[in-house]
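Q: Below: one structure in structure tokens.
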Amino acid sequence: MAYLQPAEFATKMVDAGEAKIYMSTRDTLIRAFMAGAILALAAVFAITVAVQTGVFLIGAVLFPIGFCMLYLMGFDLLTGVFMLTPLAWLAKRPGVTPSQILRNWGFVFLGNFAGALTVAFMMSYIFTMGYNVDGGAIATKVASIGEARTLGYAEHGVAGWITIFIRGMLCNWMVSLGVVGAMISTHVSGKVLAMWFPIMLFFFMGFEHSVVNMFLFPFGLIMGGDFSVMDYFVWNEIPTALGNLVGGLAFTGLTIYTTHVKTAPKRKIPVAGKPATKAAVV
């Protein structure tokens, strides 16, 4: 499967972060839109499978299909650029500044949200025959998810908000490993395998992904969920996005960059029978 050594794919991570900063606004928005739309389709697919089979694990096993498709097509998720673009700044790549990083995050957020929202309206129209009939079991399930992951957290106040934040951290720890997984092989089969497992893990564990939620919560509102747009942003999207940023960057981006790009000097261990050499005095 043509596995790349960590030092090789760590450099590719920095290169990818730099490339996203220099990408045109048009291409950034298009790629982000398609990523949000594809991930939204994968989410509704996984929920449909879980509802129809009654086995959530099957839905979790199949959800990574969408993630693999969008990354093989070179599209961008907010969770991915959260992890990659700061590495180019740390590596002092020319033109990569905090303001340029924030600009990239903003456009990727807008593109992801537009793509996810488009699919939310399309799927809600399909499930309700043009909003003329009840959405059925899947609509009811998504609406209940929206209520549980907003009002359910709000009931616990600060502790609930911190819980979402931590779930967001854990989510992008896994998702960013999936992003890196797309770089560790030159073969499609190797890329897919490396992406599949961390994505399956985050979905099954119910961790919070800001882009998946850009679909789930608007779709849940359209389907009659008993929560507001403000509930969605305050008690889910904002803490989730912040958790995604911290988790992806701290647990994956910075750890790989620190140990495989900025590797510390090797230790000097005296060998038995040989005196330790002293450094020459200049």
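Q: How many nm separate the modelled label positions at Ile166 and Asp134, each set 7 Å beyond the Cα in the direction of the Cβ?
A: Taking the simple label geometry, Ile166 and Asp134 are separated by 3.8 nm.
Q: Hey, another quick one. Could you compute how much accessible surface Ile65 exposes when probed at 1.4 Å, giving the result in Å² to the nearest 10?
A: Spelled out: Ile65, probe radius 1.4 Å, area about 60 Å².
Q: For the chain, what % of the accessible area comes from carbon and sulfur atoms, probe 1.4 Å?
A: Roughly 71 percent of what the probe reaches on the chain is carbon or sulfur.
Q: Further question: Could you list which residues have their amide H under 5 Å from that of Ser185, counting only those 5 or more apart in sequence or on another chain, with H placed in the peptide plane?
A: Leu4
Q: Would you mind getting the accessible area per residue of segment 14-259, heavy atoms of the protein chains only, 1.4 Å probe, in Å²? Provide the component values of the computation, followed by the final result.
A: Working: 10150 Å² over 246 residues.
On a per-residue basis, 41 Å².
Q: Now, a different point. Could you check which residue among Phe121, Phe202, Phe75 shows the biggest mean-square fluctuation in a GNM of the chain with a 10 Å Cα cutoff?
A: Phe121
Q: While we're on this one: Residues of segment 132-168 with the amide nitrogen closer than 20 Å to a label point 7 Å from the Cα of Met230, along Cα-to-Cβ, please.
A: Only 146-162 pass the distance filter.
Q: With axes computed from alpha carbons, what is the tilt in degrees of helix 188-205 against the longest principal axis of the chain, rounded to the nearest 10 within 0 to 90?
A: The answer is roughly 60 degrees.
Q: Sort Met69, Met129, Met214 from largest to smallest accessible area, using a 1.4 Å probe on the heavy atoms of the protein chains. Walk me through the numbers on the way to the answer.
A: Values: Met69 100, Met129 140, Met214 0 Å².
The ordering from most to least exposed comes out as Met129, Met69, Met214.
Q: Now for a separate question. Along the charge dipole of the chain, pointing to its positive end and built from +1/-1 on Cβ of Lys, Arg, Asp and Glu, which listed residue (Val192, Pro86, Tyr131) has its Cα farthest out?
A: Pro86
Q: For n ≥ 4 DSSP H runs only, could you compute -39500 (n - 2.57) per run for the chain, divide by its residues and tell me the 222 nm figure to the nearest 500? Intermediate results must be reported in sequence, preceding the final value.
A: Values: 13 runs with 191 residues, N = 282.
Result for the chain, helices only: -22000 deg cm²/dmol.
Q: What is the distance in Å between the Cα centroid of segment 108-158 and that of segment 177-236?
A: Segment 108-158 and segment 177-236 have Cα centres separated by 14 Å.
Q: What whole-number value in cubic angstrom gives the convex hull volume per residue for the C-alpha atoms of segment 24-109?
A: Details: hull volume 8.2 nm³, N = 86.
Taking only Cα atoms, segment 24-109 has a hull volume of 95 Å³ per residue.
Q: Assuming 0.36 nm per residue, please report the length gained on full extension of the stretch Arg267 to Val158 beyond their Cα-Cα distance.
A: Values: separation 109, 0.36 × 109 = 39.24 nm, distance 4.50 nm.
Between Arg267 and Val158, full extension yields an extra 34.7 nm.
Q: Using the Cα centre of segment 16-111 as the reference point, and only Cβ charges (+1 on K/R, -1 on D/E), how large is the resulting charge dipole? Debye, rounded to the nearest 20.
A: Values: 6 positive and 3 negative charges, 52 e Å.
With only Lys, Arg, Asp and Glu charged at Cβ, the dipole is about 240 debye.
Q: Using the Karplus curve 6.51 cos²θ - 1.76 cosθ + 1.60 with θ = phi - 60°, work out ³J(HN,Hα) for each residue of segment 252-266 in order, rounded to whole Hz, and write x for Gly and Pro.
A: Each residue's phi maps through the Karplus curve to give 10, x, 5, 5, 5, 5, 5, 8, 10, 9, 9, 4, 6, x, 5 Hz.
Q: What is the helix-to-structure angle for 136-148, meaning the angle in degrees between its Cα long axis and the longest Cα principal axis of the chain, kept from 0 to 90 and rounded to the nearest 10?
A: For helix 136-148, the angle is close to 60 degrees.
Q: Here's something else I'd like to know. Taking a label point 7 Å from the Cα of Ile30 along the Cα→Cβ vector, which residues of segment 53-86 have an amide N closer than 15 Å to it?
A: Counting only backbone N, you get 73-76.
Q: Just to be sure I understand: with springs between alpha-carbon atoms less than 10 Å apart, which residue in Lys141, Lys262, Lys20 has the highest mean-square fluctuation in the Gaussian network model of the chain?
A: Its mean-square fluctuation being the largest, the pick is Lys262.
Q: For semi-axes √(5λ) of the Cα gyration tensor in Å, the listed values are [x] 39, 19, 19; [y] 29, 23, 17; [z] 42, 28, 15; which was obtained by calculation from the structure presented?
A: Label [x] holds the value from this structure.
Q: How far apart, in nanometres, would the label points at Leu90 and Thr259 be if each is projected 7 angstrom from Cα along the Cα-to-Cβ direction?
A: 1.3 nm
Q: Sorted by accessible area with a 1.4 angstrom probe, largest first, how do Tyr153, Tyr131 fall? Numbers along the way, then the final one.
A: Details: Tyr153 20, Tyr131 105 Å².
Per-residue accessible area, sorted high to low, gives Tyr131, Tyr153.
Q: Okay, moving on. Count of lysine pairs in segment 153-282 with Cα atoms under 28 Å apart, counting only pairs 8 or more residues apart in sequence or on different chains?
A: Details: Lys191/Lys262; Lys262/Lys278; Lys266/Lys274; Lys266/Lys278; Lys268/Lys278.
Taking the Cα cut-off of 28 Å, the pair count is 5.
Q: When a/c reaches 1.5 or more, the comparison of a/b and b/c decides; with that in mind, is segment 153-265 rounded, prolate or oblate per its Cα gyration tensor? Walk me through the intermediate numbers first.
A: Values: a/c = 3.20, a/b = 1.71, b/c = 1.88.
Note, shape of segment 153-265 comes out oblate.
Q: On a 1.4 Å probe surface of the protein chains, which of His260, His156 comes out largest in accessible area, and what is the full order?
A: Listed by decreasing accessible area, they come as His156, His260.
Q: Angle check, please: helix 210-222 long axis (alpha carbons) against the longest principal axis of the chain (alpha carbons), in degrees 0 to 90, nearest 10.
A: Roughly 10 degrees, rounded to the nearest 10.
Q: On a C-alpha basis, how far is the centre of segment 76-104 from the centre of segment 1-75 in Å? Whole number, if you could?
A: Taking the Cα centre of each part, segment 76-104 and segment 1-75 sit 18 Å apart.
Q: I would also like to ask the following. How big is the dipole moment of segment 14-259 about its Cα centre under a simple scheme where the beta carbon of each Lys and Arg is +1, that of each Asp and Glu is -1, and everything else is neutral? Debye, nearest 20, please. Present the calculation step by step, with values, prior to reporting the outcome.
A: Working: 10 positive and 11 negative charges, 124 e Å.
Dipole magnitude for segment 14-259 comes out near 600 debye.
The values are calculated or read from the model by the stated rules, or taken from the named source; none is laboratory data. Just so you know, these numbers come straight off a predicted model, no measurement behind them. Using ideal geometry, Cβ is built from the backbone for each residue, glycine included, and neighbour counts are taken over all protein chains shown. Each accessible area value is taken on the protein alone, full model and side chains, heavy atoms only, with ligands, DNA and RNA left out. Shrake-Rupley method; radii C 1.70, N 1.55, O 1.52, S 1.80 Å.
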